[in-house]
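Asker: Once you've had a glance at the structure underneath, I'll fire off some questions.
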Amino acid sequence: MSASTTSSVAPTLRRALGRWDLTAIGVNQVIGGAIFLMPSQLAAQIGPWGPIGMVLMGLASLSVALCFAEVGSRFEGTGGPYLYTRAAFGRFVGFEVGWMQWFTRAASQASVMAGIAVALGYYWPVMTSGWPRHLVLTAVTAALAWINVRGIRQSAWVVNALTIGKLLPLALFIIVGVAYVDPARLTTLPPLSFHQASTAALLLIFVYGGYDVVPVPAGEAIDPRRHVPFALIATIVSVTIVMTLAQIVAQGVLPNLAAHATPIADAAALMLGAGGALLVGVGSVISMTGNNAGQVLTGSRMLFALAEHGELPAFLGRIHARFRTPALAIVFTSAVALALALSGSFAKLAVVSALARLVTYTGACAATLRLRSPAFAGSVKPATFTAPLGSAVPIVAIVVSAAVVAGATREQLLGGLAALAAGALLFVLNPSATARSRIG
C-alpha cells in the first residue's frame, strides 16, 4: 500500500478500555458528591430502614443493569442506549434517547463542576463567587477536556485514579466507623408507611443513576460484547456495597442522622476529629472531579455517536488523526457544560433528568425484549450474555424505570417534555440524517 493511500484512510477510535476501565467509569458516575449528603436525606424519609432501602434499590437497579448488559452484549460501537433503541425501534426513537442522554450529561457535568466550587468554598469562601469561581470552573473543564482529547488511554488513567481516590476515604470511613456503630440505631425498626417507602424509593432511584453510561464508549473497548456486561454488573454490585456500608456507619454513629446536612463529614469528625472531616472534604472534591471526568468522556461519545450516524452535523463525528479521539465532540460538550456552570442555568435544566432517565432506561429494557425476536437475528449480533428468568427481569426493569416519573413534579415533566420536543425538532430539521443511517 502506498504512503498516499495509507494517509487517506480515515482515523478510527482506539480500542483501549478494559473491563475495569468501564467499571471505573460506571462507579464514577453513580458515586458522585451525593453520597456525602444522601445518608441524612434518606434517614429523614425512612429512618433506621435506610440500609435496607439501599440494598433493595441496589437489587432493583441490578434488574435494569442486567437488561443493559444483555442488549449491550450485541453491539460493538459507540453510543450505548442510542444504538440499542435505534436498532429496535428506529432512528427517531434512537435519536431521542441519545439526545436526552447527552443533554442530561452536559447539565449534570455543569452541576458537578458547580459543586466542586461549593466544596472548595468550605475552606476558601472566595471560591464560591466572582472571578475565582469562574477561574476554578474554567480550569477544571479545560484540564479534563485536554486530557480527553489527548487519548482514551489517558482519560481512562485519570478516571481510574480518581475512582480509587474517591473510594479510599470512603473505605477508611467505613472501616474505622464500624467500631463506633451503635447497633441499637440500626436494629430498632419503627413501622413504615407506604408514603415513606415510596418517597425513599424515588430518592434512591436517582442515587443509583448513572450506570447507563457504561456502554456508551463501547467503541473504544477492547472486547465490548463481553466487557460491557461485566462492567455494568460490577458497577451496581460495587456501589450497592459502598453506599449501604456508608449508610450503616453514618446511621450507627450519629444520634440524629436526619438533622445533619453533611452526615459523612460530621460522622468522620466525631470519630477522627478535624482531620477526619478534612479527609472527607478532600474525598468529596476528588469524587466530584472523578464524576466530571467520566461525564466528559461519556457525554462527548454520545454526541459523537449521533454525529457518526448522520443525526447531527458531521464535524462532531470527526476523529482526531493523531489522538484518535472525537476531539470536536469533546470540546463542544465541555464548552456547553462550562457555559451552563458559569451561568447557573444547569439548575433549571436539572428538571429534565427524571424524564431523561425514564426514556433511556425504559428504551434499553424494551429493546432487550424486542431484540430477542428472531426477526432481528440478521441485523444484530447474538447476545453473549442473557439476563436470567426470561422476560421477568426486563418487565421488572421497565416497572422500576417507570417509577422514576411517579414522583416527578409538574415542572419536571414539562421540562422533560420540552427537551424531547427540542430533540424532535432537531431530528426533523436535519436534512442529512438519511445519508448515513447505519447501525453500529
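The values are calculated or read from the model by the stated rules, or taken from the named source; none is laboratory data. None of these values were measured; they are calculated from a predicted model. With ideal geometry, Cβ positions are generated from the backbone for all residues, glycine too; neighbour counts draw on all protein chains shown. SASA here: full protein model, heavy atoms, side chains in, ligands and nucleic acids out. Shrake-Rupley method; radii C 1.70, N 1.55, O 1.52, S 1.80 Å.
Asker: Just checking, how many residues over region 64-90 are open to solvent by 10 Å² or more (accessible area, probe 1.4 Å) and under 15 Å from the mean Cα position of the chain (by Cα)?
Answerer: Residues in region 64-90 being open to solvent by 10 Å² or more (accessible area, probe 1.4 Å) and under 15 Å from the mean Cα position of the chain (by Cα): 0 in total.
Asker: Looking only at region 102-159, which residues are modelled with pLDDT of 90 or more, of a type in the set (S, T, N, Q) and out of contact with any Ser or Thr (no Cβ under 6 Å at 6 or more places or on another chain)?
Answerer: 138, 154, 155, listed by residue number.
Asker: Out of (1) touching a Leu at 6+ places or on another chain (Cβ under 7 Å); (2) crowded, with 21+ Cβ neighbours inside 10 Å; (3) within 28 Å of residue 328 (Cα to Cα), what's the single condition that is false for residue 138?
Answerer: (2)
Asker: Could you grab me the full set of residues in region 210-267 that are touching a His at 6+ places or on another chain (Cβ under 9 Å) and crowded, with 24+ Cβ neighbours inside 10 Å? Write out each step before concluding.
Answerer: Residues of region 210-267 that are touching a His at 6+ places or on another chain (Cβ under 9 Å), as a first pass: 218, 221, 250, 254, 266-267.
Scanning region 210-267 gives 218, 221, 250, 267.
Here's the yes/no breakdown for (1) within 22 Å of residue 167 (Cα to Cα); (2) not in a loop (DSSP other than H, G, I, E, B):
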position: 191; (1), (2): no, no
position: 196; (1), (2): no, yes
position: 199; (1), (2): no, yes
position: 212; (1), (2): yes, yes
position: 218; (1), (2): no, yes
position: 235; (1), (2): yes, yes
position: 239; (1), (2): yes, yes
position: 243; (1), (2): yes, yes
position: 246; (1), (2): yes, yes
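Asker: Under 6 Å between Cβ atoms, at least 6 apart or on separate chains: pull out the pairs that start in region 150-174 with a residue that is on the phi > 0 side of the Ramachandran plot and end on any residue that is in a helix (DSSP H, G or I) and not β-branched (Val, Ile, Thr).
Answerer: none
Asker: Hey, residue 228 hits all of (1) within 18 Å of residue 284 (Cβ to Cβ); (2) in contact with a strand residue (DSSP E or B) (Cβ under 8 Å, 6 or more places away or on another chain); (3) not aromatic (Phe, Trp, Tyr) but one; which does it fall short on?
Answerer: Of everything listed in (1) within 18 Å of residue 284 (Cβ to Cβ); (2) in contact with a strand residue (DSSP E or B) (Cβ under 8 Å, 6 or more places away or on another chain); (3) not aromatic (Phe, Trp, Tyr), residue 228 misses just condition (1).
Yes/no matrix, rows are residues, columns are (1) buried (at least 24 other Cβ atoms within 10 Å of the Cβ); (2) among the hydrophobic types (A, V, I, L, M, F, W, C); (3) closer than 17 Å to residue 165 by Cα; (4) in contact with a helix residue (DSSP H, G or I) (Cβ under 9 Å, 6 or more places away or on another chain):
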{"site": "269", "(1), (2), (3), (4)": "no, yes, no, yes"}
{"site": "284", "(1), (2), (3), (4)": "yes, no, yes, yes"}
{"site": "287", "(1), (2), (3), (4)": "yes, no, yes, yes"}
{"site": "290", "(1), (2), (3), (4)": "yes, no, yes, yes"}
{"site": "301", "(1), (2), (3), (4)": "yes, no, no, yes"}
{"site": "304", "(1), (2), (3), (4)": "yes, yes, no, yes"}
{"site": "313", "(1), (2), (3), (4)": "no, no, no, yes"}
{"site": "316", "(1), (2), (3), (4)": "no, yes, no, yes"}
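Asker: Name the pairs: first residue in region 379-391 and over 12 Å from residue 66 (Cα atoms), second residue at pLDDT 90 or above and open to solvent by 60 Å² or more (accessible area, probe 1.4 Å), Cβ to Cβ under 6 Å, at least 6 apart or on different chains?
Answerer: Qualifying pairs under 6 Å: 384/226.
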